[in-house]
């Protein structure tokens, strides 16, 4: 099991992404490890998504390095040869939702206060094409189109209804259920399961691999715009005020 | 708000399509206008679809001009930078359904007598690939395949169940609800919403743009066939008789 | 109507596939025949799928011939110009499920003991890309991804819920219902229905046609592996023991 631990909100900073990638690589190379449950050790939050401080007031070089790390995590989780189960034990906006969407199976705590979704549009930014592709592969084109345009955060019951998560369970049963699901998936022969997974996901993985540098350039250009920087600063101010 | 008004049934004649395109272009260029609700001022009918008289007993030149106008409307509605809400206040077969499918959100009056669908196959004609692509993006491949092959017209409740419309409301609440939905969509920053919409819809738009002349040629060849002309004449006779 | 009859379990042997292809070709060329209902004359089993004895302990030439016959059946059923209705009157794993998925409409007997699914992964083998494409076109990407990775066999009610079959009816009503559905589909003009079907299915058909020899090579290489042969032998032993 892998627990994201970066209080207070598990935001995906460059540091956390780098550690996460290294841990995944180790597990991937460990033949005794056939599956991983991804969850959070922070109460009420699975992951708050990409760390906005990494995208605000930094250099182009920093944005480049950061975005490459975001791509890297997605590539590793989405095409992992291990069985990946997300035990979503709290809210999971934006990049946090992407991590969950990239697993093989998503179980969420049945708490109507927890929400999940790709809410980038709410912040005035656009989810990149591979976030979109991952989302479409889970919920289909129509639900993705509407949810992405509105930047919707869906409550746990709504997320379940839309197919964004596969199952809801009471919070106290979440890890038990995740372990049971993992056992079910591990009962299958690895090789056939892995080849099947690759067949399903390769087109979307290949698309990012083919356009990786272009995607970084797009991100850096977009995020460096003064209008975007301004709206991110305003968003951070708002978060600070809400906290205090 | 834009009201289709061409009694008795709002059929999409060359004239109505041309006016519609001009109106949309004006709104699109008016920066104060960020959204449009498309509805009908004709009772019980949203739009009866393409005007069959434009496809029957006319010259090849006429068919060419007509089909280009149909393509034009779809391109404008489907890739509009405005928020587009269809307030479907009556039946909406074929081309009428296409207009609704091309909006960002569809609300339909909860009247089981109103129906909606791409029923071309019933008339012995084939919905072109971009009607199909638009339909698949809303309801998915399986429902589209079955519905297009059978030329199904779905009652409002059925259309809602299939995802063809997003919401049903009592007839008298339709415009109020459409305004509320519009307000919700307009609460988002335009730029991010527009880029997201383009990302979702561009592949399907590009496909028609790339094959536009070929698609016109296909239509003109198909519609000029004596067998098709005959079945359209029979269909019009039937409509006349039903009316009298 | 076409009844698969190869007791005890309607497994798709080279012989049955060849007969099936010839019968379909005859019907296809018979202009009086506009539709076909595919069902089984074996109690409780629609088809047990590809005959494992054809894939075990045989020559490369045999595997090649067998796989070409499997491709041929799928190409014929999936792109048939006739209306094809599957009356699934028993369990239908793997290749049996593929036959059903390739029809225009699937009705299944409402018996919770009957199951259907592409369970290849359970046997340690991988459903080829065109099985996957056919499946995705029916149930969408997410359900296909999960079901294929787990090699799930779905009970009739579950299959209906997932959209894998279109309708459940009591066993004794199955043929009556299939005839009624056929009548509904045959009420449409053939030409428009056929062109619509081609439009929906051609991309997936073309993909196999373009990669047919490569797909045969992949199958033959995969199935000839000692590890795969071993797991097929173990599976057959298990089936034998279960029978006695």
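The values are calculated or read from the model by the stated rules, or taken from the named source; none is laboratory data. What you see is a predicted model; the values in this text were computed from it and never measured. Cβ: placed from backbone, ideal geometry, glycine included. Neighbour counts: every protein chain shown.
A residue that is under 25 Å from residue A:175 (Cβ atoms), in contact (Cβ under 8 Å) with a residue 24 or more places away in the chain and surrounded by 21 or more Cβ atoms within 10 Å (Cβ to Cβ) occurs somewhere in the range A:48-56. Taken together, B:134, B:84 contain a single residue that is under 28 Å from residue B:193 (Cβ atoms), within 14 Å of the chain's Cα centre (by Cα) and within 14 Å of chain C (Cβ to nearest Cβ), which is B:134.
Residue-by-condition table, conditions (1) crowded, with 22+ Cβ neighbours inside 10 Å; (2) more than 13 Å from chain A (Cβ to nearest Cβ); (3) in contact (Cβ under 8 Å) with a residue 12 or more places away in the chain; (4) under 15 Å from the mean Cα position of the chain (by Cα):
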{"site": "C:162", "(1), (2), (3), (4)": "no, no, yes, no"}
{"site": "C:169", "(1), (2), (3), (4)": "no, yes, yes, no"}
{"site": "C:176", "(1), (2), (3), (4)": "no, yes, no, no"}
{"site": "C:180", "(1), (2), (3), (4)": "no, yes, no, no"}
{"site": "C:183", "(1), (2), (3), (4)": "no, yes, no, no"}
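Only one of A:69, A:127, A:100 is part of a helix (DSSP H, G or I) and in contact with a helix residue (DSSP H, G or I) (Cβ under 7 Å, 6 or more places away or on another chain); which? Just a single option satisfies the conditions, and that option is A:69.
Can you tell me how many residues in the range C:187-213 are within 11 Å of chain B (Cβ to nearest Cβ) and assigned to a helix (DSSP H, G or I)?
First, the residues of the range C:187-213 that are within 11 Å of chain B (Cβ to nearest Cβ): C:187-204.
Narrowing the set further to residues that are assigned to a helix (DSSP H, G or I) leaves C:190-204.
So the count comes out to 15.
Residues that are within 11 Å of another protein chain (Cβ to nearest Cβ) and buried (at least 24 other Cβ atoms within 10 Å of the Cβ) were ranked within the range A:105-119; the one that is farthest from residue C:145 (Cα to Cα) is A:118. Of all residues in the range B:140-155, which are over 15 Å from residue B:129 (Cα atoms) and under 16 Å from the mean Cα position of the chain (by Cα)? B:152, B:153, B:154, listed by residue number.
Per this entry, residue A:126 is not counted among residues that are within 28 Å of residue C:147 (Cβ to Cβ) and in contact (Cβ under 8 Å) with a residue 12 or more places away in the chain. Here's a check for you: in the range A:21-46, which residue that is buried (at least 17 other Cβ atoms within 10 Å of the Cβ) and farther than 25 Å from residue A:184 by Cβ is modelled with the lowest pLDDT? In this case the residue turns out to be A:42.
Filtering the range A:143-160 to residues that are part of a loop (DSSP other than H, G, I, E, B), within 11 Å of another protein chain (Cβ to nearest Cβ) and in contact with a strand residue (DSSP E or B) (Cβ under 7 Å, 6 or more places away or on another chain) leaves only A:152.
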